[in-house]
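Enquirer: Got a structure for you, written out below as structure tokens; questions coming shortly.
The values are calculated or read from the model by the stated rules, or taken from the named source; none is laboratory data. If you're wondering where the values come from, they're calculated on a predicted model, not measured in any experiment. Glycine gets a Cβ as well: all are built from the backbone with ideal geometry, and neighbour counts include every protein chain shown. To get the accessible areas, we keep the full protein, side chains included, count just its heavy atoms, and leave off ligands, DNA and RNA. Shrake-Rupley method; radii C 1.70, N 1.55, O 1.52, S 1.80 Å.
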Amino acid sequence: MNSPVTEAELQAWADGRLPPERRGAVDAHLLLHPADAARLQAYRDHDAALRALYRPVLEQPVPPAM
């Protein structure tokens, strides 16, 4: 029997860090809970927007003094 999906697993799914063995359970949960699915998609969209905004900074080399 699969254990219930936790908030930590939902966050790991949103971050792309969910262990593969829990992917099916979380995907099934998201199909049954559209509010959770929408919330996690909003997190992913927010992350993508931040990465796009700061990509020029992230692509700069780290200064040697650091």
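Enquirer: Give the residues of segment 1-11 that are small (Gly, Ala, Ser) and either touching an Asp or Glu at 6+ places or on another chain (Cβ under 9 Å) or not in a helix (DSSP H, G or I) (or both), sorted by residue number.
Expert: Ser3
Enquirer: Residue by residue through segment 8-58, note down the ones that are in contact with a His (Cβ under 9 Å, 6 or more places away or on another chain) and acidic (Asp, Glu).
Expert: Glu9, Asp36, listed by residue number.
Enquirer: Could you grab me the full set of residues in segment 35-65 that are in a helix (DSSP H, G or I) and open to solvent by 100 Å² or more (accessible area, probe 1.4 Å)?
Expert: Within segment 35-65, His46, Arg51, Leu53, Tyr54, Arg55, Leu58 meet the criteria.
Enquirer: State all residues of segment 12-34 that are open to solvent by less than 80 Å² (accessible area, probe 1.4 Å) and assigned to a helix (DSSP H, G or I); if no residue qualifies, say none.
Expert: Residues satisfying the conditions are Ala12, Trp13, Ala14, Arg22, Gly24, Ala25, Val26, Asp27, Ala28, His29, Leu30.
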